[in-house]
1. Taking the stretch C:192-206 as the search range and keeping residues that are outside any helix (DSSP H, G or I) and open to solvent by 10 Å² or more (accessible area, probe 1.4 Å), which one is nearest to the other protein chains (Cβ to nearest Cβ)?
2. If you go through the stretch A:207-227 one residue at a time, how many are more than 8 Å from chain D (Cβ to nearest Cβ) and open to solvent by less than 10 Å² (accessible area, probe 1.4 Å)?
3. Looking only at the stretch B:179-208, filter to residues that are open to solvent by 10 Å² or more (accessible area, probe 1.4 Å) and over 27 Å from the mean Cα position of the chain (by Cα); which one of those is farthest from B:Thr329 (Cα to Cα)?
4. Any residue in the stretch B:308-324 that is closer than 11 Å to D:Pro125 by Cβ sitting within a Cβ distance under 8 Å of a residue that is of a type in the set (Phe, Trp, Tyr) and open to solvent by less than 30 Å² (accessible area, probe 1.4 Å)? List the pairs, counting only those 6 or more apart or interchain.
5. Applying the selection to the stretch D:61-102, what residues are over 18 Å from A:Leu58 (Cα atoms), part of a helix (DSSP H, G or I) and facing another protein chain (nearest Cβ under 7 Å)?
6. Would you say A:Leu86 is more than 30 Å from A:Ile39 (Cβ to Cβ) and more than 8 Å from every other protein chain (Cβ to nearest Cβ)?
7. Scan the stretch D:183-227 for residues that are basic (Lys, Arg) and at pLDDT below 95 and report the count.
8. Please list, ordered by first then second residue, the pairs with beta carbon atoms under 7 Å, 6 or more apart or interchain, first in the stretch B:154-166 and hydroxyl-bearing (Ser, Thr, Tyr), second not in a helix (DSSP H, G or I).
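The values are calculated or read from the model by the stated rules, or taken from the named source; none is laboratory data. Bear in mind the structure is a predicted one, so any value in this text is a computation, not a measurement. Cβ atoms come from the backbone with ideal geometry, glycine included; neighbour counts cover every protein chain shown. Accessible surface is based on the protein model in full, side chains and every heavy atom, while ligands, DNA and RNA are left aside. Shrake-Rupley method; radii C 1.70, N 1.55, O 1.52, S 1.80 Å.
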Amino acid sequence: MGHHWNHSDGYPIEHNRWIVKRGLEETILVLIAGVSGCIVLSGYFFDIRLLNSVRLTLLNYAAILVGVVMIIGGVNIIRVHRNKILAGSPSSAHSLVLLTSFFATIAIVAFFGITSNYSAWIYENVLIPVERSLLALLAVVLLTLGVHIRHNNLNLFRMVFILTVILSLLSATEIPGIEKLRLDQVYQWLAGVLSIGGARGIILGVALGTLAAGLRLLMGIDRPYSD
Amino acid sequence: MTSIRCPQCGELNFAQSTVCQFCSSNLPSSSTDELSEIGITQPLRVENLPSPKHAPLFPSRINPLDGINGLTSFAQQTPSIHPNDSLPSRLKVTDAQIEHAELLRNLIDAEGAAPGDPSRRFGRSKHFSRFFFSVILIVGLLIFYFVSIPELDQPEISPAVLQTYKIVENLAVNLPALLVIDYNPAYSAELDLSIKALLTHLARKNILSVFVSSLPTGPFQIEKIFNDAKKSRLVILPDQSLVYNLGYIPGGLTGIPLFIQAPRQIMPSEAWTHGQSIYPELMGINSPDDFSIMVIATENSETARSWIEQIQVHPIGRPLIFVISAQATPALLPYYSAIPKQIDGLLSGIEAGLQYETFDSTSDSDSRTWLMYNLGMLLAGILMAVGGILNAGITWGRHSP
Amino acid sequence: MSAWLPITINILGLLVVVFFSTLVYYFSQSRKNSKRIFERDIPAYSKMKRSVEVAVETGNRMHLSLGYGGLIGPQAAISFSSLKILEKTSPHALLSENPAIISCGDPSLNISAHDVLETTARNIELDAKLEINQNQLTGLSPFSFAVGALQLTSDRKTSVNILSGSFDSESALMLDSAERSEHSTIAGSANLIALAVFFSGTIDPIIGEELFAAGGYFDPDSKQVSGMAAEDIFRWVIIGIILMGTLLNIIGGL
Amino acid sequence: MNLPDNILNVAGIVISTFLTLTIFSYLLGDNALFRLASHIFIGTTAALIIAIAWESVLWPKLLYPFLFGSSGERLATLMPLALGILLLSKLSPRFSALGTPVMAFLLGVGAAIAVGGAVVGTLVPQTLSSTRLIATGSLSKLNYENFMHVVQGLLIILGTVTALGYFHFGLHFRDTDRNRISLIRKTTFYVGGIFIAITLGVVYAGIYSAALVAMIDRLNFLMNLLH
């Protein structure tokens, strides 16, 4: 585990014991992941009362623990930026701003309550404008990317791609004159027929990949949890 | 140790490379012209080797002449048939090369900035065109604030919107509706329109709308919808009757399977008790089937897929409607067009919102927005077409002798 | 139809899971030591290896962004595969003069990434201590994550940005800033929206299912490729079912 | 101590205008103002999310029942509480090993949710529905509608099949020369790639349209200030 490697100082016996211990730990971890996973997974295929209630309990635990994980995440963010400030990195001023806004918001929410006007005010006047503006930036960014599409790697697929983009954009407009081009009928075929096929293929592929990755974890072949 | 940028693909390569490791095109020899492409700030000198406190560039077990340990093992493990896959001797760092790097380093210091390579010029032109496009787009969109607005007829009702409207119109009145607000604040401009139109429709039919969200910011978004609805003169919401904010689904996406099966178990109990004190009809709710309809609003195709998949496991015997951003539509069409349908109704993008508004003639948005939208799409289409043709020309010109 | 459909779907689903896991188990146990070859080369992975090598040799930094998808839920599988990429690249990227930096937008992913980094550091006997800033949770929502990661993508010491995992349209901002600072970018996702952005913004995007093949393309031992082999078999089974079903459907109608 | 609404409104307009303009300044290049706004945004978002995690998960589902609930409720929350405390140990490098079993449990549940959903929600139903695209009997009496229906169905099926085939890895356990790749595979690859490119093109236009709406919203917001 995480702290072992500091202490494991290459003495053979110590080392062997450590390996055995690790092996045991690994097995236990695999069992925990496998059993809990299989119980949850079984609920997708069988409807057995006892199994179902256990499954719901496990899901409930997971849902609660996600809340704990969020708290851990918050602490990590604070830590990272505290380190930046302490290290006097060039972005330490920004980190200071981040921490200030973080604690100010926490204070406001804690004092006035999360359902108060002030919490809503923060959402409406900080989150909404920033996120919408960032999304607005994307309009320009996407336009630039689209025009400058890697022209030294312009292969067949990219040509089809950019052609589809242009047709879709033009067909969406109802400006008099453009609509006479009857591009909307082309778009009907592109979006309503051809793209459904491609999308379904990609989605099925992703489902296969998900199946493989998930089952490998449940079977203990992949062990991202064991450090 | 120095690096050189490939003029074709703009990737970093070792200075000793004669062929680009990425696009296999020939690299120019290290003359002073390419010196400006050296991406590294420090040449490899003994005093520059990091102290043992930091990650060792040459850990003790590693023979410097092999490059970094395990680096070449990459190539050995690699099954791919790429011609340049294995790492030849160009990773070796000989004293001569170190001196060479030193020499190059001094030369750059002497030379100062040399003209950039094509990829850099490409980058610069990109900076320029980004600025250029932003000016065109913003000025173009703002023009309708200064010239008289030409009349543009509202989008004609699409079959999907009509079908969704009919589904809502035929709902049982006595059961509440469940609306899931799963979009980030960024997309509220696009999706609020449809949600408000739906809310108006439900309110007109005197149906209680219960809101939840699997996004932590969702509850705030729901409150915003309520406030906007109150402000707007058109949406029929007398002092927030007929709407209730059930709040955040604990666990977010993780909580969805549990919410689908046992909403009472996962949502905090006081959310229910408080709701029931205001709306007794909430007492009968034990599963999503007890709602008359389920509406899920999201901009993220993954979130939408998660909901569809989990609902498919425990099918709700009620209509399932998606209010989605235009970007997620293609990802959901396979489910919408599936036989039997996995989604019953679909409202996608700003058009759907504008179309749905016309049913209750509650058009909240001014005609200018629709006009700006059309112009924006047109501008983008034209710019991309012209730019694409120009780029193709440039590429052709560059590749042909 | 809808009355009997759910039952069949559940039974079919169970069969799929059983057969798939049997195949995975079989292939993971197959002790064939002969070299494994993929008919299809995924250029992004070869490029990823080389970019990391060049970055390490030239003392530059790799920035690996794992996306905002959580490990505890429907997006788990995608995040596993991006963790796999971290596992495969970090042994080399950690040795650089400027060691790798990881960014992600989900706490659970952040925790697991830290575990992976610690394991790697132990395995390569890295005598430098892992900095907390080497594994950053740059934000808790998709947009705040992307904005927070902009600093890392455009960092002067970074020479390669790898984006793999759950992304959304905001990933365009990260691509853009990487372009601005002229770093090479390798990106892959299973989300159609992010894929569209990557398709126009990067040379060789990793598209959908290819992302799950990271382990196999990095080191094709029987454990890594077992999933891919099973996927290939199931792929053609599904294609067969679709074609046969359609044919029977048509014939039945005539 | 409640501020009057008009002050809140004015402050809100000032702040959201400032944030919008600073974010838009990114169009001129990455700058300090943009970083300032983005750090305020990151800090505020994190704070609100953590507040929600506390308000609607940890307090009502974990701590409140444990502290003030009936004995039954306390017993029920004992397990998640213990798991949560173990998980918190991930915050300290020395004890992080204690949290690993909990992570194993969470990853197991996560994998199960992903696999179950992918199989029962996508893989099986999407495959089955692809076989029903061409309605039975549509070929028996051929008129224009039926013909178009059949053509569209065939195109969607072609797209699905080839796009799924596009991802074929073609794993061999012995060396093979590349020329031996069958013609079917090559065709599948190219046709599938074209379908995928079309799909992504339509998506790209969709992203731009979403971004454009945000851009229009921001411009309207700024212009309404002037008017």
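1. Among them, the one singled out is C:Ile203.
2. Number of matching residues: 3.
3. B:Asn206
4. B:Ile308/B:Tyr335; B:Val313/A:Tyr44
5. Within the stretch D:61-102, D:Leu88, D:Lys90, D:Leu91, D:Ser96, D:Ala97 meet the criteria.
6. The answer is yes for A:Leu86.
7. Counting residues in the stretch D:183-227 that are basic (Lys, Arg) and at pLDDT below 95 gives 2.
8. Final answer for the pair search is B:Thr164/B:Ile321; B:Thr164/B:Gly345; B:Thr164/B:Leu346; B:Thr164/B:Leu347.
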